[in-house]
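Novice: Shown below is the structure under consideration.
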Amino acid sequence: MNALTNFWLRGAALHLWQATLFGLAIALVIALLPGPARLRHFAGCLALLRFLLPAGLLAPLIGFLQWAAPGGAWLPARLSSLWLPPFIVSGNAGETPSATVLHLPDAGLLATIWAIGAVLLLGAGMIRLVRGLQAVKRGQIPFSATHRERLGVLAGRAGIRPGKVTGYYVPSSGWLGVVGLFRSRVIVPEGLFSTLEDREVDSVLLHELMHVKRHDNLLRLCQSGVVAIFWFHPLVWWLDRRLRWESERACDEGVLRLTGASRVYASGLFKAMRFALGLNLPGVSGMSRLRLQSRIQAVLNHQNRKDSPVKLTITASALVALFGLATLVASTPAASDGTAAPAAPGSKVFNISELDQIPMARVQAPPVYPAELRKAGMCGEAIVGFVVDEQGNVGDVRVVPPKDPKDARKMKMGDVEITLINDERFDQAAMEAVRQWKFTPGKKDGKPVKVLLSVPIVFTFKD
């Protein structure tokens, strides 16, 4: 694995960590936030969006953060200096020392497993969606004139332009819901309307029209895509399920705001559940039995009072501010912690997060294992910070001191654990080798620039 792959793996892990922290904070907000369900749904959408967009992409979108990501660089945030893969120097007493770069053989395997999981999940979702829509299309019958007129009146009442929604009956073994992203079809099982009173029919149709007004099909399709990409992350699955629940609650609240008839709606909801198959297709809003008892209790206990626009605006703004604050914290370049050499006088030395193209090693002379330490069977580590200039040459080489020089670090080499000590002789050997290294220079706005890099050099023995 080369330095670039190592860099992006670290960046991906860092992004997942930042997105997970933000997602957990939003999960707490969703659990504790009172008020309309649409605000909790909005918060959940922000959490999923944070998984999709790394901080390095988000920072340039916020005007006052331009300094945090100069030039709109889309490299992972908080990687102020590039750590090359550990350089392993190995040899036995009496042998000529050899050197190699430590690879991460599992990285390719992990990427393959992720890709297989994502493709399988996306493929399975698309197959289910296509089959479900084909089944609906084969059995659908347009609404009668009476129901067509009723649907049009209710659509206007819900604030949906005429002609955007059509209605169809499907066999009684079908399902109740809405299909379509831009021209929606309300799908109603045959026989449902005959079991409902007129006001109950209105409330059930209004519920489906609320899904159309909120563009829930498009949102659910996007949710399914995020779940497929981050299929390994339990928080993403939880957010997806919670968003589906909150979208149903938001539609319930929308119906009650229009009708104010909580008992009528609860009755219609309960009767309609006989036709709900619990269908879960990407990009489709279907009547769901999910937490039915809680939904009906919430409907019966609903107090039909007008939501304050000021309160809604303040809450939504606070959620957006939380999203922006998380981006700000994640995007701010880390302060120098001594892991790389300081800037050389006379010209700017760039952090890796500021570059358009990172440096790549061309020549890496192996360090010489100090003879006396090799004979004594001692293993060690030196972390070397340096600057790669505009020509790809190495300068300003120095050793990064450990936090506690007395501590020895443990390291796994295959099945064997070795102890790495700190010794000035290891430091000198490492610096002498690094001074001979050559790189392709890093670039900013298409021009070569000076860049901070760091590399751990490990001195150990062959098995």
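The values are calculated or read from the model by the stated rules, or taken from the named source; none is laboratory data. Every value quoted in this text rests on a predicted model; they were computed, and no experiment measured them. Heads up, the Cβs are rebuilt from the backbone with ideal geometry, glycines too, and the neighbour counts pull from every protein chain shown.
Novice: Can you tell me which of GLY380, GLY414, GLY338 is under 30 Å from PHE461 (Cβ atoms), small (Gly, Ala, Ser) and modelled with pLDDT of 65 or more?
Specialist: GLY380
Novice: Under 9 Å between Cβ atoms, at least 6 apart or on separate chains: pull out the pairs that start in the stretch 16-34 with a residue that is of a type in the set (A, V, I, L, M, F, W, C) and end on any residue that is not in a helix (DSSP H, G or I).
Specialist: LEU16/PHE230; LEU16/HIS233; ALA19/LEU53; ALA19/PRO54; ALA19/PHE230; ALA19/HIS233
Novice: I would also like to ask the following. For the subset of the stretch 205-214 comprising residues that are of a type outside the set (Asp, Glu) and touching a strand residue (DSSP E or B) at 6+ places or on another chain (Cβ under 8 Å), which member is surrounded by the most Cβ atoms within 10 Å (Cβ to Cβ)?
Specialist: LEU209
Novice: So the check is Cβ under 9 Å with 6+ separation or different chains; which pairs have a first residue in the stretch 249-265 that's assigned by TED's automatic domain parsing to the domain that holds ARG157 and buried (at least 20 other Cβ atoms within 10 Å of the Cβ) and a second one that's β-branched (Val, Ile, Thr) and modelled with pLDDT of 85 or more?
Specialist: Taking only residues 6 or more apart or on different chains, the pairs are VAL255/VAL204; TYR265/VAL204; TYR265/VAL255; TYR265/THR259.
Novice: Return a yes/no flag: does the stretch 275-295 have any residue that is more than 30 Å from SER454 (Cβ to Cβ), of a type in the set (Phe, Trp, Tyr), surrounded by 20 or more Cβ atoms within 10 Å (Cβ to Cβ) and modelled with pLDDT of 75 or more.
Specialist: Within the stretch 275-295, none of the residues are more than 30 Å from SER454 (Cβ to Cβ), of a type in the set (Phe, Trp, Tyr), surrounded by 20 or more Cβ atoms within 10 Å (Cβ to Cβ) and modelled with pLDDT of 75 or more.
Novice: I'm told GLN223 meets every condition in (1) in contact with an Asp or Glu (Cβ under 9 Å, 6 or more places away or on another chain); (2) at pLDDT below 90 except one. Can you identify the failing condition by its number?
Specialist: Result: GLN223 passes all but (2).
Novice: How about the stretch 140-165: which of its residues are within 24 Å of SER224 (Cβ to Cβ) and over 34 Å from the mean Cα position of the chain (by Cα)?
Specialist: GLN140
Novice: State the number of residues belonging to the stretch 434-451 that are in a strand (DSSP E or B) and surrounded by fewer than 17 Cβ atoms within 10 Å (Cβ to Cβ).
Specialist: 3
Novice: In addition: Let me confirm something: among LEU58, LEU52, LEU39, which residue is over 30 Å from ALA298 (Cβ atoms), modelled with pLDDT of 85 or more and assigned by TED's automatic domain parsing to the domain that holds PHE439?
Specialist: LEU52
Novice: With the requirement that a residue be modelled with pLDDT of 80 or more, crowded, with 20+ Cβ neighbours inside 10 Å and in a loop (DSSP other than H, G, I, E, B), what does the stretch 169-190 give you?
Specialist: Of everything in the stretch 169-190, just one residue is modelled with pLDDT of 80 or more, crowded, with 20+ Cβ neighbours inside 10 Å and in a loop (DSSP other than H, G, I, E, B), namely LEU176.
Novice: Any residue at all in the stretch 173-190 that's without any contact (Cβ under 8 Å) to a residue 12 or more places away in the chain, closer than 21 Å to TYR265 by Cα and either over 37 Å from the mean Cα position of the chain (by Cα) or not assigned by TED's automatic domain parsing to the domain that holds ALA43 (or both)?
Specialist: no
Novice: Being within 22 Å of the chain's Cα centre (by Cα) and hydroxyl-bearing (Ser, Thr, Tyr) is true for just one of SER224, SER194, SER267, SER262. Which residue is that? Steps first, answer last, please.
Specialist: Working: SER194 fails: within 22 Å of the chain's Cα centre (by Cα); SER267 fails: within 22 Å of the chain's Cα centre (by Cα); SER262 fails: within 22 Å of the chain's Cα centre (by Cα).
Answer to the check: SER224.
Novice: Under 9 Å by Cβ, and 6 or more places apart or on different chains, what pairs join a residue from the stretch 153-169 that is more than 22 Å from GLN140 (Cα to Cα) and in contact (Cβ under 8 Å) with a residue 12 or more places away in the chain with one that is crowded, with 17+ Cβ neighbours inside 10 Å and of a type in the set (Ser, Thr, Tyr)?
Specialist: Here the result reads ILE160/SER184, each pair linking the stretch 153-169 to a residue that is crowded, with 17+ Cβ neighbours inside 10 Å and of a type in the set (Ser, Thr, Tyr).
Novice: Additional query: What's the number of the only condition in (1) of a type outside the set (Val, Ile, Thr); (2) modelled with pLDDT of 80 or more; (3) not assigned by TED's automatic domain parsing to the domain that holds ASP423 that PRO366 fails to meet?
Specialist: (3)
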